[in-house]
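Okay, so here's the structure we're looking at.
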Amino acid sequence: MLGAAYGWTARDHRAQELVALTDRLTQLEKRNSSLQEQASRSADLHARLSELETALAAALRDAESARQAALVETPAAEMARPAPEPVVADAAALDFGDPEKGREVFAQCTSCHQIGQGAEDRIGPHLNGIFGRRAGAHEGFRYSDDMKMMGADGLTWELANLDAYLENPKALVSRTRMNFAGLKDPQDRSDILAYLRQFSASPQNIPEAAPTAQPREVDLSPEVLAIVGDTDYGEYLASECKTCHQQDGSDKGIPAITNWPTEDFVVAMHAYKRQIRPHPVMQMMASRLSDEEIAALAAYFAQGE
Amino acid sequence: MKLNRRAFVGTGMAAASTLGAPMVHAASHGIPKVVVVGGGAGGATAARYIAKDSAGEIDVTLIEPTRSYYTCFFSNLYIGGFWDLENLSHSYGKLASDYGINVVHDWATGVDRDAKTVALAGGGSVPYDRLILSPGIDFVDGSVPGWDVSAQNAMPHAYKGGSQTELLKAQIMAMPEGGTYVMVAPPNPYRCPPGPYERISMVAHVLKANNPTAKIIIADPKANFSKQGLFEEGWQKHYSGMITRIGPDFGGENVTVDPAAMTVDVDGEVINADVVNVIPAQKAGLICEAAGLTDGNWAPVDGHSMVSRLDENIHILGDATNQGDMPKSGFSANSQAKVAAMAVRGALTGSRVFPAKYSNTCWSLIATDDGVKVGAAYEPNDEKIASVSSFVSQTGEDVAMRKATYEESIGWYEGITTDMFG
């Protein structure tokens, strides 16, 4: 599935879509049969459980009558019948993990991605309806050229390729703007995908208490957030950023900083300035920037090239 | 009107210049001319920023002898076998085609500061209103007795990018089994403070794989060096037993070489070597001296605009300068170029001039995925460019952080070379 993504160069969208849909169908069939298999295993286990219970009850009755036969003078003792050990079916074979755990894993994504009711595009696109969405095709978000290319080549997000992308974003989309090393633990990925899935399959089920109300990393006064940056000054200050950060917005060991929403940029820089974010170079660069200078940079970078 | 505006809007330096020299370039001979000598991290960046931001209001000429520029920064990665030579090579094509810069492949041999022209080795001269010199380094004659530039084939310095880097790598690869590599390290100040020690790491890396019984000796005139704790920790960890450093306490400053015999005499002890990497004491690129802009070995500049303290129409960038606290590095030169470009545009076209800010970070690779860094932010005062905050990698960092630091350095290389060459 992943290897195919690399090889997609033809522009025959319908053919590619067919391939993607066939894949999806195969996958659903597989999942369906795996569920059926589990259901039948579960029924087997239930049957075995009642068998065992019956056997146990019979054994207890036998033991009781044997005891009474042996101790004739003793009246029948009150014996508490021990409860049978519960038998639990193994449920770990599902493709999707635990959405509740996924919500916790997703916390590290929320500085860039929103999901749920009222979710908007921030540094990354919102993730409502991500399953089945064509890569790089969400209206109004500025994707990397590579992501757009993958979408044009037919990449449509589903379980397997989202799993691959989360494991190593750059392995799937080499010059993606998503600055994330990847989730190495398969369980984390299947949990997070179960969580994301909740906001895709049936959008009407999006919980009312939307998880979009994230507290800011740093507490900034409305005055600081309201500063309108001087883009000329921002352009000069930005020349220092461009020594390291790619001007075309790609990410090569150093994250992209173009086309960020102004507020996110301002919050990030203040977080470095206050040493809440850890990177030493960024802490140093931010430490000497005034509120106005941070606003100027944010204004400059928000306008794009 | 335009002239008055420039006089009042420009920097103090520009305003002062109007008293002594005619400032009416635009009026006297049309579009103002900026000539940049040297197409490295300082010069290429300055040329590109002036051309880009003046959008045709300034005529920019870049004089650089080489057609393919090989960066000196990251050349150690080639020596260590991590990069190909092609990764270090850049052309000036985009500066000409996309930015309209007049790229002249020639040597600048002198400056007539009264006539405001730059003489070319190929004949002729180029007039300027503002001149930017970014010539990098040259070597101090006689700093390592027995060595001069005619010996650089036998004992390469590999401290300017390109053929010297390739030569040193070839010599290291051809060392006999169990052979000896000697580095004669330079005294302060010199280009790229961690550079010699990153090179030691890279030589050790390549020898460990190909010639593990080889020995590496450093004769060093300095008691201490950049990122010393980090390098020494790394050498112990990765290259235990391969590297010996002879500091000044053991005569490391008292070195003579014999290129014909391939020997190095360190305080009376003669070492037979297979490769001798002599990094001599350094000074500003010769053009600075030829133009009469040096004081001692370096060219003094005012950190507010990188203008020469000896000529108000000439800005000097990078390794060649004596500016204060910034190290001589490609990052520093690039940072200084942006300040100078802004000052030059302000003086010639009246564009806005903001207070100078500088920064530098030097990444070094010790072994595979074991990267470290040191850096600082700077601001000018009337005396010098002064460090205002700094950081350095710590010993004992985990492997993930070191790997991220190395990856970050690759990102920086992409960033700065795009910033230089477009």
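Quick note: the coordinates plus some simple rules give every number you see, no bench work behind them. Given the structure is predicted, the values throughout are model-derived calculations rather than measurements. Backbone-built Cβ (ideal geometry, glycine too); neighbour counts: all protein chains shown.
Miscellaneous remarks
- With a Förster radius of 35 Å applied to the C-beta separation of B:Asp249 and B:Thr109, the computed FRET efficiency comes to 0.20.
- Over 17 Å [Cα-Cα, the stretch B:142-279], rounded percent: 56
- This ranking places B:Trp412, B:Trp107 by how few other beta-carbon atoms lie within 10 Å of each, fewest first, which gives B:Trp107, B:Trp412.
- Of the three principal axes defined by the Cα atoms of the stretch B:55-103, the extents in descending order read 45, 18, 14 Å.
- Burial ranking of peptide ranges B:269-281, B:335-347, B:142-154 (average Cβ count within 10 Å, highest at the top): B:335-347, B:269-281, B:142-154
- Across peptide B:368-375, the average count of Cβ atoms from other chains found within 10 Å of a residue's Cβ is 1.
- Loop-located GluC sites (Glu not before Pro) in the stretch B:104-213, at most 10 other Cβ atoms within 10 Å (DSSP): B:Glu177
- Zero-based 10 Å bins, Cα pair distances in the stretch A:222-302, whole percents: 20, 57, 23, 1
- Amide H within-cut-off set for B:Val388, under 5 Å, with H built and near neighbours excluded: B:Ala377, B:Tyr378, B:Glu379
- Coarse-grained scattering of the stretch B:241-335 at q = 0.16 Å⁻¹, given as base-10 log I(q)/I(0) from a Debye sum over alpha-carbon atoms: -0.78
- Other-chain or far-sequence residues with amide H under 5 Å of B:Ile132's (modelled H): B:Val35, B:Val36, B:Val37, B:His315
- Debye intensity ratio I(q)/I(0), log10, the stretch B:302-418, q values 0.17, 0.18, 0.21 Å⁻¹ (C-alpha model): -0.85, -0.92, -1.11
- Dipole-positive endmost among B:Asn210, B:Ser150, B:Ile243 within the stretch B:142-279 (Cβ charges, Cα centre): B:Asn210
- Counts of other chain beta carbons within 10 angstrom of each beta carbon in peptide A:229-236 average 3.
- Residues whose amide H falls under 5 Å from that of B:Cys192, counting only those 5 or more places apart or on a different chain, are B:Lys328, B:Ser329, with hydrogens built in the peptide plane.
- Tail fraction, Cα-Cα pairs, chain B, threshold 30 Å, whole percent: 43
- Taking N as its residue count, the alpha carbon Rg of the protein assembly as shown over 2.2 N^0.38 Å: 1.24
- 13 Å beta-carbon shell around B:Val126, net charge (K/R +1, D/E -1): -2
- Panel order for A:Arg177, A:Arg67, by other beta carbons found within 10 Å of each beta carbon, from fewest to most: A:Arg67, A:Arg177.
- Under the span-like rule (Cα at least 18 Å along the axis, Kyte-Doolittle mean at least -1.0), DSSP H helices of chain B: B:195-210, B:330-349, B:399-421
- Length gained when the stretch A:Arg142-A:Ala55 is fully extended (0.36 nm per residue, less Cα-Cα span): 24.6 nm
- Rg in Å to one decimal, and Dmax rounded to a whole Å, for the stretch B:82-210 via C-alpha atoms: 19.1, 59
- Using the Cβ-Cβ distance between B:Asp382 and B:Asn210 with R0 set to 56 Å, the FRET efficiency from 1/(1 + (r/R0)^6) comes to roughly 0.60.
- Alpha carbon convex hull of the stretch B:134-219, volume per residue in cubic angstrom: 106
- For the residues of B:412-418, the average number of beta carbons from a partner chain within 10 Å of their own beta carbon is 5.
- Here the alpha carbons of the stretch B:19-165 define both size measures, Rg and Dmax, at 17.9, 56 Å.
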